[in-house]
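Engineer: What follows is a structure written as C-alpha cells; I'll ask about it next.
Rule-based calculations on the coordinates, nothing more; no lab input. All figures in this text were calculated on a predicted structure; none of them were measured in a lab. Every residue, glycine among them, receives a Cβ derived from its backbone with ideal geometry; neighbour counts consider all protein chains shown.
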Amino acid sequence: MVATSSSVGSGAAGAAIFADSESRRYRYFEPRAKRATHYEDVTVDVQPDPERYLIQDWIISFPDGRGAYEKNSTKAQSSNWHAFRAPDQEWERTHYQRQSRIEVMVQAVIANGRKSGAQLAFDAAWGKTLQKHLGAWKHAEFGLGCALMQAQRGGYTQMINNATLTNSSYKLRLSQDITLYLAEIGMDIAGWDDEAGKTAWLEDPMWQGTREAVETIMGTEDYLEQYFAINLVFEPLVGELFRSGFLMQFGAANNDFMTPSVIAAAEGDYERNLANAIDLIWLLANDEKFGAANRTLFQSWVKKHGALADKAARQLQPIWSKPHSKPISFEEARAVSEERFAKILGEVSLSR
Amino acid sequence: MSTLTLNKITAQKGISVADATRKCADLGWNPSYVQEAMTYPSDYKITKAPRDPMKQVLRSYFSMQEEKDNRVYGALDAALRGDMFRNVEPRWVEWMKLFLAIIPFPEISAARSMAMVSRLAPGEDLRTGFTMQMVDEFRHSTIQMNLKKWYMENYIDPAGFDITEEAFGKCYATTIGRQFGEGFITGDAMTSACMYLTVVAETAFTNTLFVAMPSEAARNGDYALPTVFLSVQSDESRHIGNGHSLMMAALKEPENHLLIERDMKYAFWQNHAIVDAAIGTFIEYGTTDRDKNKESYAEMWHRWVYEDYYRTYMLPMEKYGIKIHHDDVTLAWERITKKNYVHKVGQFFAVGWPVNFWRIEAQTEKDFEWFEHKYPGWYAEFGDFWKWYAKLSKPGQKVITFNEEVGYVYPHRCWSCLVPCLIREDMVVDTIDGQLHTFAHEIDRWTAVEAFADEYQGRPTPAMGRFSGKREWETLYDGVDLADAIVDLNFVRSDGKTLIPQPHLRFDDKDMWTLDHVRGHTLGSPLNALRGMDEATRKAHLADYAKGFTINPCN
C-alpha cells in the first residue's frame, strides 16, 4: 500500500526535501532552556490570550465585559505571565503514572497491614486519635483540593493553571486515600466510629482554627492568593506540622507503620507543589516592573493567612498529648514548622 | 470440592464501592466561617443535590487511566516501528493540522469549567466526578498536543504543525473552534460548563468527533489518531453522567425550565453548526477512501446525533415538562442532507486556502463518483468548483479566492457560530446595540440577539455571556494585501517566502506557492462593506446574496 495522495508515494518524514520539510520543533514559543522539554511542548500556549495570538481578542465575554481569562483575576501583576514553567514538568502521562503508583502503594500498605493484623496492634489511644483527628484532617485536605479546583480556572496561562490542577488532584486523592484507609482499618477495629472525624472537624474546638483557615482559602476569589496561601503558608504551618510533625513522628512509636506510609505520599506531593509554587511566586516577587508591589501584596497574604494558620496550629496542640507514646513535643514540631516556613518565605524574599 | 487459589487464601473483606463512594461524598461540609465565593455565577437556581451516577473513587481511577495511557503510547511506538507514515495519506494528515490546532483548547477549557460547575449545586456527590473530569480533560489536552508533536516529528510536511497554537489564535478557520472552546468557560456557569459542554457537546457530538472521525483516519492509514481518540472517548461517559446529573438537579426547579429550553436550543444548534462544519469536512474531504459501502457523514450523523442523542436523550426530557426543539433537529438534518452544509464548508475552506496553515488537495473524479452516490446532485453543484481548484493549484495561476472566472462569491460570516453564511438563502441580518450583523440562520440570530442577552423572554438573565471581540475575522485584514496578511499571520515557511498552506500535495519546491504568487489581491470585510452601503444598495445586495452564485464551467 502506498500513500496515494502523496506526490512521492509516501507520507513519511524525509520522503521529500522542500521548504521546512525538516521543521520538526514547535517554533511559536521560547523554551526555558536550549531545547523545549516534553512538558513545554504539550503545555505552552494551549491556553492562548489576546497578547499571544488571539488576534480577534476574546470572542465571548462575561456580562461585565471580562474575557475568558483576565490578568486581574489576581491582584498580583506580571511583566510576563508566560514565563512560568512548573519545575515538576507534569503533564498527563507523568501525572497518572505518579498518582497510580501512589494508589498502588497505599493499597498495598493497607492490604498487607490488615493481613498481618497491624491495625489491631495499634496502641488503643493512638487508634482513637486516628479515628478522630486523622478523620478530621481528611476534610482539611478535601477543602484545599476543592479550593485548588476553583483556582485552576483563574490563571492567565496554561502553565499556571495546570500546576494548580495537578495540585488539586493530589489533594483530592489524599483526602480520599485517608477516607478509605480509615474506613478499611475501621472494619477490623471494634467500636470504630467512622463519623467521629467529621464531627470533630465541624465541632471540636481543636479543629475550628484549621477549619476557619481552610474555609478562608476556599472563600477567596483571587486564584493566586488561594495557591499562595495553601502552598506557602498553610502547608508549612499546619499541613506539614500535622502530617510530618505528628502523624509521621508518632505512628511508629504507637505501633503503627501504616499511617506514616499512607501519609508519606502527601509529603512527596507537597515537595512538588511547593517547588512549583515557589518558582511562580519567585518570578512575581522579582518581576522587574511589579516585583515591589507584588512583594507588598504577598506580605499581606502572609499576614492574613499566617495569622489564621498560627491560630489553627495552636489549637491543634492538645492532639500531641493524646497518644501514649510521645516521641516529640508540639513545641519541637512547631519549631521545625516555623523554620520551614521562614525558609520558604526567604526563597521568595518575604518574611513573617 | 472447590479449588483453593491464592486469591481465596489472601482475600480480605474490603469496603464496597457504594460505601467508598458515599464516604468520599461525605468529605464536604457547609462552611460556616467564610462562605465560598460564587466567582462564576449562574441564573439557574439549584437546591437539590445532584447524584453521582458513576460510583467511582480516585483510587481505581488513576490506575485505570494509567493503563489506558500505556496502551496509547505503546500503540504510537508500534506505529513507528510499523512504518505507519510511509502509508499514511497526506490528504488526511493535512486536515489534522487544523483539527489538532483546535481541539486541545476546548479540552483544557472543559477542565477549567469544572471550577464553574462544582459550586453550582449543594452537596459533594458529584465532586469525584468533577475531579475525574478535570483530570481527564487535562489528559485529553496534553495527549492531543503529544499526538500533534508526534505527527510533526514523523510526517512528510511538518509545516503548520510547527506553528500550531499560534495558528489556532490567528486562522480564519480556527475561529470556529474558538467559539466552541470559549463557549465552555465564559458566561453563565450552568449554560456554558454544563449545558453547552456536557449536555450537548459531550453527549451529542463527541461520538462524531471521537468515534466517527478516527474510523476515517484508520481508512487513511492513520491508526494513531484512533488509538488516541478512542481512548479519549472512553472518558466521555463519565462526563456525560456529570452533565446529566447536574441538569436533572436543575430540572427540579420549575423556574429553571425556560433556561434549560433556551440552552438546549442554543447549544444544539451551535454544536451542529461548528462540529458538523469541521468534522464533516475532515471526514468527507480529508479521506481517500471512497468505498461506497461505508457510511457518509450524513449517515453517521443520523446514527449518532439523531438516533442516539435526539431520540434517546433529548426526547425523554419532555416527560419532565421541557419543550424540545424538534424543528431545529430536523432543520440541522436538512442542512446536512438537502442543503449541502458540509460540502459548502469544504468549499469555503478550499477557497480560503492561502490564509490556512495546512494543505488542501483537490477532489478528483474518484471522489466525485462517491459524492454523487452518497449525495445525489453533488456533482452539479460542486464538480466544476473542484475542477477549478485543481486547475488553479499550480503556482502562477490567479489564486482561487480572487479569481472571477470561477464564479464563487466570498461569503458573509455568521456573527453567532462564526461559520460563514454558506446556505445563502438562509442568511438573516439584525442589529445588536445599533450595529448591523449577519447570521447564517434565524436560529443563529436568535442565539446572538435573544439568548445572549441580559433578559430572556421577560426574565432577567444577568449572568448570561455576551458575544464580543472582532468576531468577523475578515475585519482584521480589511483592505490589506493578501501577501501582507499572510506574513502578519506568520503562515510563511522559514525561508521567508514559501507559504505554509498549499492547494495541493506536491512535495517539491518548484510546485510550492510563495508570497510573490499571491501578492496583489486585497482582502475585504463583507460585513464592513455591508454596513457601508446605503439602505437600497444593502437591500439589493442581500437579495442578490440570497440567490447564491453559480460556478462557471471549467474546461
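Engineer: Quote the convex hull volume per residue of segment B:1-128, based on C-alpha atoms, as a whole number of Å³.
Structural biologist: It comes to 238 Å³ per residue, whole-number rounded.
Engineer: Also: Which order do B:THR128, A:THR199 fall in if you start with the one that has the fewest other Cβ atoms within 10 Å?
Structural biologist: A:THR199, B:THR128
Engineer: Here's another thing I want to ask about it. Take the Cβ-Cβ distance between A:ILE328 and A:LYS303 as r, set R0 to 25 Å, and report the resulting FRET efficiency rounded to the nearest 0.05.
Structural biologist: The value I calculate is 0.30.
Engineer: Starting from 0 in steps of 10 Å, tell me what percent of the Cα-Cα pairs of segment B:115-160 lands in each bin.
Structural biologist: Bins of 10 Å from zero give 24, 31, 20, 16, 9, 0 percent of pairs.
Engineer: If you find the alpha carbon centre of segment B:350-383 and of segment B:112-188, how far apart are they in angstrom?
Structural biologist: Cα centroid of segment B:350-383 versus Cα centroid of segment B:112-188: 30 Å apart.
Engineer: Hey, another quick one. Can you pull out the GluC sites (Glu not before Pro) in segment A:54-99 that DSSP calls coil and that have at most 16 other Cβ atoms within 10 Å?
Structural biologist: Those satisfying the criteria are A:GLU70.
Engineer: Taking the dipole about the Cα centre of segment B:351-420, with the C-beta of Lys and Arg at +1 and of Asp and Glu at -1, give me whichever of B:TYR379, B:TRP358, B:SER393 is farthest to the positive side.
Structural biologist: Going by the charge dipole, the pick is B:TRP358.
Engineer: Could you tell me which residue out of A:SER21, A:PHE122, A:SER79 lies farthest along the dipole of segment A:13-150 toward its positive end? Charges go on the beta carbon: Lys and Arg +1, Asp and Glu -1, centred on the Cα centre.
Structural biologist: A:PHE122
Engineer: About the Cα centre of the protein assembly as shown, how large is the charge dipole given +1 on each Lys and Arg Cβ and -1 on each Asp and Glu Cβ? Please answer in debye to the nearest 20.
Structural biologist: Computed charge dipole of the protein assembly as shown: roughly 1340 debye.
Engineer: Need one word for segment A:5-144: rounded, prolate or oblate. Basis is the Cα gyration tensor (sqrt eigenvalues a ≥ b ≥ c); a/c below 1.5 gives rounded, then a/b vs b/c decides.
Structural biologist: Here segment A:5-144 falls in the oblate category.
Engineer: To continue, here is another question. What is the average number of partner chain Cβ atoms found within 10 Å of a Cβ in B:468-474?
Structural biologist: That average works out to 5.
Engineer: How far, in degrees from 0 to 90, does helix B:224-251 lean away from the longest principal axis of the Cα atoms of chain B, to the nearest 10?
Structural biologist: 60 degrees
Engineer: Placing +1 at every Lys and Arg Cβ and -1 at every Asp and Glu Cβ, with all other atoms neutral, what dipole size does segment A:89-347 have around its Cα centre, in debye to the nearest 20?
Structural biologist: Charge dipole, segment A:89-347, about its Cα centre: 120 debye, nearest 20.
Engineer: In terms of modelled amide H atoms, which long-range or inter-chain residues lie less than 5 Å from the amide H of B:TYR456?
Structural biologist: So B:TYR456 has HN proximity to B:THR461.
Engineer: Using the alpha-carbon centroid of each, what span in Å lies between segment B:40-68 and segment B:202-275?
Structural biologist: 16 Å
Engineer: What percent of all Cα-Cα pairs in segment B:370-524 falls in each 5 Å bin, counting up from 0?
Structural biologist: In order of increasing distance, the bins hold 2, 8, 12, 14, 15, 14, 12, 10, 7, 4, 2, 1, 0 percent.
Engineer: First measure r as the distance between the Cβ atoms of B:ARG519 and B:ASN555, then evaluate 1/(1 + (r/R0)^6) with R0 = 30 Å and state the FRET efficiency to the nearest 0.05.
Structural biologist: 0.60
Engineer: Fewest Cβ neighbours within 10 Å first, please rank A:VAL106, A:VAL214 accordingly.
Structural biologist: A:VAL106, A:VAL214
Engineer: Placing +1 at every Lys and Arg Cβ and -1 at every Asp and Glu Cβ, with all other atoms neutral, what dipole size does chain B have around its Cα centre, in debye to the nearest 20?
Structural biologist: 1040 debye
Engineer: What do you get for the angle between helix B:90-102 and the principal long axis of chain B? Use alpha-carbon atoms, 0 to 90 degrees, nearest ten.
Structural biologist: With rounding to tens, the tilt is 60 degrees.
Engineer: How long are the three semi-axes of the equivalent ellipsoid of segment B:165-244, in whole Å, if each is the root of 5 times an eigenvalue of the C-alpha gyration tensor, listed from largest down?
Structural biologist: Values for segment B:165-244, descending: 24, 19, 9 Å.
Engineer: Quickly estimate the mean residue ellipticity at 222 nm for chain A, helices only: each DSSP H run with n ≥ 4 gives -39500 (n - 2.57), and the total goes over all residues, rounded to 500.
Structural biologist: Helices in chain A give a 222 nm mean residue ellipticity of -17500 deg cm²/dmol.
Engineer: If you take the charge dipole of the protein assembly as shown about its Cα centre, with +1 on Lys and Arg Cβ and -1 on Asp and Glu Cβ, which of B:ALA18, B:PHE348, B:THR227 is farthest toward its positive end?
Structural biologist: B:ALA18
Engineer: Further, regarding this structure: Rg and Dmax in Å for segment B:58-396, alpha carbons only: what are they?
Structural biologist: 20.2, 66
Engineer: Still on this structure: Given a Förster distance of 45 angstrom, what is the FRET efficiency for B:THR431 paired with A:GLN77, based on the Cβ-Cβ distance and rounded to 0.05?
Structural biologist: My answer for the efficiency is 0.70.
Engineer: In deg cm²/dmol and to the nearest 500, what is the mean residue ellipticity at 222 nm of chain B if only DSSP H runs of at least 4 residues count, each as -39500 (n - 2.57), divided by the residue total?
Structural biologist: -14000 deg cm²/dmol
Engineer: Taking the number of other C-beta atoms within 10 Å as the exposure measure, put A:TYR227, B:TYR33 in order starting with the fewest.
Structural biologist: Fewest to most other Cβ atoms nearby, the residues stand as B:TYR33, A:TYR227.
Engineer: Then there is this: Given q = 0.06, 0.08 Å⁻¹, what are the Debye log10 I(q)/I(0) values for the protein assembly as shown, with equal point scatterers placed on the Cα positions and solvent ignored?
Structural biologist: These q points yield log10 I(q)/I(0) values of -0.44, -0.76.
Engineer: Something else now. Compute from the Cα atoms of chain A the Rg and the Dmax, the latter being the longest Cα-Cα distance, and quote both in angstrom.
Structural biologist: Both quantities, over Cα of chain A: 23.7, 80 Å.
Engineer: Using the Kirkwood radius built from alpha carbon pairs, what does the Stokes-Einstein equation give as D for segment A:311-352 at 20 °C and 1.002 mPa s, in µm² per second?
Structural biologist: 184 µm²/s
Engineer: Karplus couplings for segment B:499-510 from phi (6.51 cos²θ - 1.76 cosθ + 1.60, θ = phi - 60°), rounded to Hz, Gly and Pro as x?
Structural biologist: 6, 5, x, 9, x, 6, 10, 9, 8, 8, 4, 5
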